[in-house]
2 protein chains.
Amino acid sequence: MSKLSLIKTAAHSALASVLAFVMVSTYSGSAQAQGRERGGTLGPLVLKEQGMFYLGGDVVHTDWATGPNGLLPAPRSGDIAINQMYVTFMVPQVQRGVPIILMHGGNLSGACYETTPDGRMGWYEYFARKGRAVYLPDQVSRARSGFDATAFNEVAAGVRAVSALPNLLVLTKAASWQAFRFGPSLGTAFSDEQFPVEAIDELAKQSIPDQNADQQQPPGIDLTPTRLAELGVKIGGAVLVGHSESGFYPELAALQNTAGLRGLISIEPASCAATTLSKDQIAKLVKLPTLVVFGDHLADVSNPILSWPAALADCEQYVAEINQAGGNATLLHLPAAGVFGNSHMMFQDKNNLQVGDMILSWIDEHVE
Amino acid sequence: MSKLSLIKTAAHSALASVLAFVMVSTYSGSAQAQGRERGGTLGPLVLKEQGMFYLGGDVVHTDWATGPNGLLPAPRSGDIAINQMYVTFMVPQVQRGVPIILMHGGNLSGACYETTPDGRMGWYEYFARKGRAVYLPDQVSRARSGFDATAFNEVAAGVRAVSALPNLLVLTKAASWQAFRFGPSLGTAFSDEQFPVEAIDELAKQSIPDQNADQQQPPGIDLTPTRLAELGVKIGGAVLVGHSESGFYPELAALQNTAGLRGLISIEPASCAATTLSKDQIAKLVKLPTLVVFGDHLADVSNPILSWPAALADCEQYVAEINQAGGNATLLHLPAAGVFGNSHMMFQDKNNLQVGDMILSWIDEHVE
């Protein structure tokens, strides 16, 4: 916004021409270094570093590291690690701006940002090609973060009630199709749908049984927001992106510790908790630039899981509250910005790089 | 072996000097392109491609995609994907030789090859820096491959017996310490131990509950070897590396289909099935160059899970059988080759790049 208004003010002046030239050539130079094509998606990917680490975690005693019927003669009792979070990362050779953390949503893993279900480049690589260090965690208790096997093996051993088995949630293909707004019902897509619906089975393969959908309160507290706040601190500051189940995790992380966070991006959270935040909480959240993004067709699906129009309304109220309290919050409703047909999985949609560019522009203008 | 014997034969001749010069400068050129330091571990990592895909998988109906006590109003019945295998990959800009698949062992995920528990470069990046395209799967039913939640939710719903809960195996810290031969007991390391034992908690964090340890036969068949054979075909041929639980998966994959496999590397399998393979099976396995690797201190731990000397003896017998049948098999027992102190986790040991170089040399000499 600041760059844009500067150019508008100086329109038709020599200054504007010079500024425009500098901006365009800086951009081209960066695009050339990181990838030769429009959008920077081709050419070598030149990395300074890549790898993984685990963040946090507790070493605890268990008596059921393996169940009563396990065939391998491994010890049942001893110390194991739980509550850790797996993070993989890429740091480009020519780095530009603040790092980005891409947190996935329910029933998914970091894989959802790597490559789209139909085989195109995801935001993980795209943002790295744009010069960003990118960090890609799996939620605590999901995928490469592992999970605590104790409760399951205790039920198998009869020392824990069957009713206390952690719930494992997987979204069926039909539920994803409707909840993610690919179209009115499985197999029928909206005419302008941006999700590559022919790859619905590939999306189904990305499903990881979800233990956090039911763990928003004790006894099973989802520790992912805590780990995300720690991750920001560890890497010296980052813009934190959450999606869907994790859509409000950036804000939950900020409520715990803003020290490692430079900006909060919420992509289609189920709720922005507008009606439940205290003044003290709002006062903490206004410190950070905030972007909330919603796609298209919010009212066009019958969705058993949640109401998208209600989620949008709640987040509009939240953005207004943050701005009234002196904060810097933006609500980006894609169709209102002239971008149509986007699903809940906008980072996998056919125009995912276009939406990614809008996110990067917001970071440029509001964080840096 | 071929290059080395060629040089020996031509010793002190002009030909030898020329050959040696060409070999050294080719190697240096490649090292310079992929990394500037000894071992090629520094400098930019230049990739032509990276990303992920899922391989195989079945879309099946379930009535228990979420349990009876799930709080989210998601549908229980519908189609979900099971049996798929997650694969992440890096293809270097300057590629050299046949691709490598790195299959992890029990209780772990592909993360174990990414970065060592004490934060050094793993084989995934190292082999890519040496010019290899590297493919890094998670076993079927593990980590980013997901797993079938149905049986767990059926038990929760009371429609399946508690005794039929899939077993979830996690190795305790003490069990890993002994089984992986870090030293005689938790906290005490061998004097020449190569595993970075101070990072034992970081290794514990890499644990993913293992459903395959007990699924070598029906009803729960481990489909990972099937997926590995398919992966070899998909990428047009690869050397397949297995470790520990997956140590004999390269051979199991080859027994299903050799078309996509160019070499088999078994790192410390629990068994090489020497006494159980049929003549027909041996006839299939002799078609592919085979390397079996064992580390140090095999007889120096009291290990509840398996006997390392027995595993070595079985694999020595297997290698002899393959060679007697006209095959090309090598048993590399590291201490016999003058490399001491290596644990079961040799790709994470302090000398992991030295062991990696020995693997790459074997591929150079026996596969290419």
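The values are calculated or read from the model by the stated rules, or taken from the named source; none is laboratory data. All of these numbers come straight from a predicted model, not from anything done at the bench. Note: ideal-geometry Cβ built from the backbone for every residue, glycine included; neighbour counts use all protein chains shown. Each accessible area value is taken on the protein alone, full model and side chains, heavy atoms only, with ligands, DNA and RNA left out. Shrake-Rupley method; radii C 1.70, N 1.55, O 1.52, S 1.80 Å.
Where Rh denotes the Kirkwood radius from the mean inverse Cα pair distance, what is Rg over Rh for chain B? Taking Rg over the Kirkwood Rh, I get 0.99.
Run the dipole for the protein assembly as shown about the Cα centre, Lys and Arg Cβ at +1, Asp and Glu Cβ at -1, nothing else charged, and hand back the magnitude in debye, nearest 20. Write down the numbers at each step before the final one.
Values: 48 positive and 68 negative charges, 365 e Å.
That gives the protein assembly as shown a dipole magnitude of about 1760 debye.
Restricting to bridges with both residues inside chain B, how much of the DSSP beta-bridge set is antiparallel, in percent to the nearest 5? Of the beta bridges lying entirely in chain B, close to 50 percent run antiparallel. The coefficient of translational diffusion for the range A:249-324, derived via Stokes-Einstein from the alpha carbon Kirkwood radius under 25 °C and 0.890 mPa s, stands at 188 µm²/s. Between identical copies, the spacing of A:Thr188 label points, each set 7 Å from Cα toward the C-beta atom, reads 7.2 nm from nearest to farthest. Rounded to whole Å, the principal axis extents of the Cα atoms in the range B:58-122 read 50, 29, 22, largest first. Solvent-accessible area per residue in chain A equals 37 Å², computed with a 1.4 angstrom probe and all protein chains kept.
Overall, the anisotropy analysis places the range B:76-187 in the oblate class: the square-rooted eigenvalues a ≥ b ≥ c of its C-alpha gyration tensor yield a/c not less than 1.5, with a/b not exceeding b/c. Cβ screening of chain A for cysteine pairs under 4.7 Å finds these without a partner: A:Cys112.
Mind checking which lysines have their Cα closer than 18 Å to the Cα of A:Lys205? Skip sequence neighbours fewer than 8 apart in that chain. Result set, ordered by chain and number: A:Lys173, B:Lys234. The charge dipole of the range A:190-335, taken about the Cα centre with unit charges on the Cβ atoms of Lys, Arg (+1) and Asp, Glu (-1), comes to about 900 debye, rounded to the nearest 20.
Work out the FRET efficiency for B:Asp192 and A:Ser302 from their Cβ-Cβ distance, taking R0 = 51 Å, and round it to the nearest 0.05. Present the calculation step by step, with values, prior to reporting the outcome.
Working: r = 66 Å, r/R0 = 1.30.
Computed FRET efficiency for B:Asp192 and A:Ser302 comes out at 0.15.
Counting heavy atoms of the protein chains alone, B:Lys234 has an accessible area of about 120 Å² for a 1.4 Å probe. If eta is 1.002 mPa s and T is 20 °C, what Stokes-Einstein diffusion coefficient results for the range A:136-243, Kirkwood Rh from Cα pairs, in µm²/s? D = 128 µm²/s.
Looking at the range A:284-368, I'd like the Rg to Rh ratio, where Rg is from alpha-carbon atoms and Rh is Kirkwood's inverse mean 1/r. Intermediate values should be presented prior to the final figure.
Working: Rg = 13.7 Å, Rh = 13.8 Å.
Looking at the range A:284-368, the ratio lands at 0.99.
Set the Förster distance to 35 Å, then compute FRET efficiency between A:Phe340 and B:Asp357 from the Cβ-Cβ distance, nearest 0.05. Mind dumping the intermediate values first?
On the way: r = 54 Å, r/R0 = 1.55.
The value I calculate is 0.05.
Annotation for B:Pro309, label-to-label distances across the other copies: 7.6 nm (shortest first, one decimal, point 7 Å from Cα along Cα→Cβ).
Shielding of peptide A:56-67 by partners, expressed as the average count of other chain Cβ atoms within 10 Å per residue Cβ, is 4.
What does a probe at B:Lys48 reach in the range B:70-112, counting residues whose amide N is under 14 Å from the point 7 Å along Cα→Cβ? Output list for this probe position: B:90-100. Neighbouring Cβ atoms from other chains, within 10 Å of the Cβ of residues in B:276-288, number 0 on average. Between identical copies, the spacing of B:Glu365 label points, each set 7 Å from Cα toward the C-beta atom, reads 6.2 nm from nearest to farthest. Which distance in Å, rounded to a whole number, links the C-alpha centroids of the range A:222-279 and the range A:301-368? Cα centres, the range A:222-279 to the range A:301-368: 15 Å. In peptide A:109-118, what is the residue-averaged number of other protein chain Cβ atoms found within 10 Å of each Cβ? Mean inter-chain Cβ contacts per residue within 10 Å come to 4. Averaging over all projection directions, the Cα-based convex hull of the protein assembly as shown occupies 34.3 nm² in the image plane.
Buried accessible surface for the A/B chain pair comes to about 6200 Å², total over both chains, computed with a 1.4 Å probe. With an a/c value of 1.5 or above and a/b not larger than b/c for the gyration tensor axes a ≥ b ≥ c computed over the alpha-carbon atoms, the range A:198-327 is described as oblate.
For B:Arg96 and A:Asp58, the FRET efficiency from 1/(1 + (r/R0)^6), where r spans their Cβ atoms and R0 equals 45 Å, is about 0.55.
Using a 1.4 Å probe and counting only protein heavy atoms, arrange B:Ser141, B:Ser246, A:Ser271 so the residue with the most accessible area comes first. Mind showing how you got there, number by number?
Numbers: B:Ser141 25, B:Ser246 0, A:Ser271 50 Å².
The residues order as A:Ser271, B:Ser141, B:Ser246, largest area first.
Considering only alpha-carbon pairs that sit under 8 angstrom and 6 or more positions apart, the relative contact order computed for the range A:161-246 is 24 percent.
Just in the range A:44-77: which chymotrypsin sites (Phe, Trp or Tyr not before Pro) are loop by DSSP and have at most 13 other Cβ atoms within 10 Å? Write out the running numbers ahead of the final one.
Values: sites: A:Phe53, A:Tyr54, A:Trp64; in loops: A:Trp64.
Here no chymotrypsin sites (Phe, Trp or Tyr not before Pro) fit, given the DSSP loop and packing criteria.
Considering only A:Asn351, A:Gly232, A:Ala325, and ranking their Cα positions along the charge dipole of the range A:216-368 that arises from unit charges at the beta-carbon of Lys, Arg, Asp and Glu, the one farthest toward the positive end is A:Gly232.
Residues within the reach of a label modelled at B:Ala320 (point 7 angstrom out along Cα to beta-carbon, backbone nitrogen below 16 Å), restricted to the range B:261-304, are B:272-277. What a 1.4 Å probe finds exposed on the range A:49-208 is 50% carbon and sulfur by accessible area, rounded to a whole percent.
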